[in-house]
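Visitor: Sending over a structure as structure tokens; questions will come in a sec.
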Amino acid sequence: MTNPILTPTEYSALCNLLEWSWTSLLQEPELLLKEINYYHPDKPDDYDPVMGGESGLGMSEAFEYTLDQPDRDNIMLMIKTLMYKLNANAILADGSGNSWETLAPLVDRAECDRLDDLDDDPDVTYQTLENYVLEDTAKKNKVARLQEHFDNVNESGFIQIGDNMWIDGANSDIL
């Protein structure tokens, strides 16, 4: 068997994102709106759209080509379905989501359980237990491409062009 796609830290992060999305939409349906309404007729000078509940994240628009009707109910149902299928929420899955054997290509549940058993301190995270390092994969890819085309590229993406002279290749549009 090949290694699962997600580590326990990544799987936990995905589950948290799904649960946060579902809870946020349940509590704040205006997050579906595309635009922020900066004007309120009763308070034209000091209206705060966030406090007024009229600021959106454009979730309906983001789901436009995914769902036939990207309204609140359908988006919440899709998120709930994903949580159920991924066993991302114990209450929603209620033990009847996918089997961990089915999810094995996605995440190694035995490894999650092993990490859970390592420490009883609730403040210790999967990231710490797993020694997971957050990496900027886009930057790593850019540095790798720079290293293919240029000599003397360090791990941060700086290209040496002379004695004590470097260019920041990672934050440039060179490639």
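We did not get these values from a lab; they are worked out from the coordinates using the rules stated. Everything quoted here is computed from the prediction, not taken from an experiment. Note: ideal-geometry Cβ built from the backbone for every residue, glycine included; neighbour counts use all protein chains shown.
Visitor: Go through segment 77-82 residue by residue and turn each phi into a ³J(HN,Hα) via Karplus (6.51, -1.76, 1.60, θ = phi - 60°); whole Hz please, and just put x for glycine and proline.
Guide: Once rounded to whole Hz, the list reads 5, 5, 4, 5, 4, 4.
Visitor: Taking θ as phi - 60°, what are the ³J(HN,Hα) couplings along segment 162-170 by the Karplus curve (6.51, -1.76, 1.60), each to the nearest whole Hz, with x for Gly and Pro?
Guide: Per-residue couplings from phi come out as x, 4, 6, 10, 10, 10, 7, x, 5 Hz.
Visitor: Compute the distance from the alpha-carbon center of segment 141-175 to that of segment 11-25, in whole Å.
Guide: 37 Å
Visitor: How would Met59, Met165, Met76 line up from fewest to most surrounding beta-carbon atoms within 10 angstrom?
Guide: Met165, Met76, Met59
Visitor: Along each principal axis of its Cα atoms, how long is segment 87-160 end to end? Whole angstroms, biggest number first, please.
Guide: 56, 29, 18
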